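Okay, so here's the structure we're looking at.
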Amino acid sequence: MRDRVPTLRLLAVTASLAFAAMAAPASAFADDEARRAILDLRQQVQQQNEQNVRARLQLADQLQSLQQEIAQLRNQLELVSRQQPSTAQQGQQQNNHPGNPPGVSAADPQEQAAYDGAIDLFRKAQYKEASESFAAFSALYPNSALAPSSQFYLGSSRYALKDFKGAIEQLNTLVQNAPNDARAPDALLVIAGSQIELNNRAGAKATLQRIVSEYPQTPAAKTAQSRLQLLQ
């Protein structure tokens with residue numbers, strides 16, 4: 001009996017060592033697989049981070065370009081009514097009112113005076129007062145030949161005041177009521193600028209595409225095409 005106990009113990013120790021020897025390679029194999037998986041995951045995370053950084057830099061460049069375009073649009077709005085008409089245009093205009101569109105004037109002297117007063121405020125960059133004056137003109141003379149031009153300057157004044165929703169509303173009215181007016185494509189440009197200011201990139205893109213489609217031969221179409229490239 002005493003001889004069998006050491007033998008049994010020896011067998012148990014031998015079996016335990018054999019089991020450990022068998023388990024060791026499997027454990028080592030599992031560790032290697034885990035290490036490789038971790039390294040692969042780290043590499044994927046690093047690549048994703050690099051892609052995110054590149055995307056953020058690209059977006060920052062696009063936003064900077066858009067901001068420059070918007071700044072140029074603001075400058076254009078400030079200068080648009082200061083542009084003096086050509087000699088031919090002056091000959092077409094009645095009563096020599098430089099603020100009138102070519103060949104357009106008011107039949108009523110009071111109507112013309114109201115429009116001239118609003119234009120003068122816009123030229124002086126008094127946009128709040130200009131906005132109020134153009135709104136009053138539109139209310140008093142809704143059927144005036146100068147109504148589309150007044151609507152354009154009203155929307156532009158709202159844009160200059162950073163009332164972008166108000167600018168969109170007024171300029172949409174112009175485009176809807178007078179789609180063939182010379183100011184219509186410019187009005188759409190200001191609408192697109194307002195949409196960009198409101199972070200409505202999809203809306204701005206659709207407005208710019210509309211300019212290119214409906215007014216392809218205008219200077220506004222060229223500007224719209226350059227801005228569309230920034231929104232891609």
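Take Ala187 and decide whether it is of a type outside the set (Val, Ile, Thr), assigned to a helix (DSSP H, G or I) and within 17 Å of Gly166 (Cα to Cα). For Ala187, the condition - of a type outside the set (Val, Ile, Thr), assigned to a helix (DSSP H, G or I) and within 17 Å of Gly166 (Cα to Cα) - is met.
Selection of the stretch 118-132 for residues being surrounded by 15 or more Cβ atoms within 10 Å (Cβ to Cβ) and over 13 Å from Ser156 (Cα atoms) yields only Asp120.
For the stretch 133-177, filtering for residues that are open to solvent by 20 Å² or more (accessible area, probe 1.4 Å), of a type in the set (A, V, I, L, M) and more than 20 Å from Pro102 (Cβ to Cβ) leaves 7. Summed over the stretch 187-225, the residues that are in contact (Cβ under 8 Å) with a residue 60 or more places away in the chain and not small (Gly, Ala, Ser) give a count of 4.
The values are calculated or read from the model by the stated rules, or taken from the named source; none is laboratory data. Bear in mind the structure is a predicted one, so any value in this text is a computation, not a measurement. Here Cβ is always computed from backbone atoms with ideal geometry, including for glycine, and neighbour counts include all displayed protein chains. These accessible areas exclude ligands, DNA and RNA; they are computed on the full protein's heavy atoms, side chains included. Shrake-Rupley method; radii C 1.70, N 1.55, O 1.52, S 1.80 Å.
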